[in-house]
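To start, the structure itself, in structure tokens.
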Amino acid sequence: MTADALDGLKSLDREALMEKMAEELPDIRRQLNVTQEALAEKTGVDVAKIKAAENGKRSFKWSEFMSILFVIWNNDIGKGILDSKGLFPDELKKALSVNRNAHAPMTESMKYGF
């Protein structure tokens with residue numbers, strides 16, 4: 001990781017990102033037509049934790065946020081949603097060396113959701 005990428009990562013307000021994910025997740029799931037249970041299965045985040053975060057009763061841990069982020073990012077529609085909601089800021093992409101256009105071709109099952 002370059003010094004610039006590390007500085008960008010340090011400047012992120014992780015708490016704000018995790019709170020925003022919890023607030024926006026019901027809408028994101030609705031747009032992707034994904035249940036809490038399906039998201040839990042794909043991310044490894046317990047469904048009770050997803051429900052509690054969506055209801056404002058707990059915060060996501062950074063690892064949970066990242067799991068959810070990457071599962072949603074792996075969906076073409078999800079990428080657009082995350083970008084429009086500012087949930088995957090450029091500083092984080094740069095720190096993780098994520099290139100939006102550099103990914104493996106999608107299989108048929110991946111094209112249509114989870």
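Worth pointing out:
- Whichever residue in segment 44-80 is of a type in the set (Val, Ile, Thr) and under 10 Å from the mean Cα position of the chain (by Cα) and, among such residues, is nearest to residue 13 (Cα to Cα): 68
- Just one of the listed residues (19, 64) is acidic (Asp, Glu) and buried (at least 20 other Cβ atoms within 10 Å of the Cβ), namely 64.
- Listed by position, the helices (runs of 4 or more DSSP H) inside segment 11-84 whose residues that are without any contact (Cβ under 8 Å) to a residue 60 or more places away in the chain and within 20 Å of residue 95 (Cα to Cα) number at least 3 are 14-32, 62-73.
Readers should treat all values here as calculations from the given coordinates under stated rules, not as data from a laboratory. Since the model is a prediction, treat every value here as computed from it, not as a measurement. Note: ideal-geometry Cβ built from the backbone for every residue, glycine included; neighbour counts use all protein chains shown.
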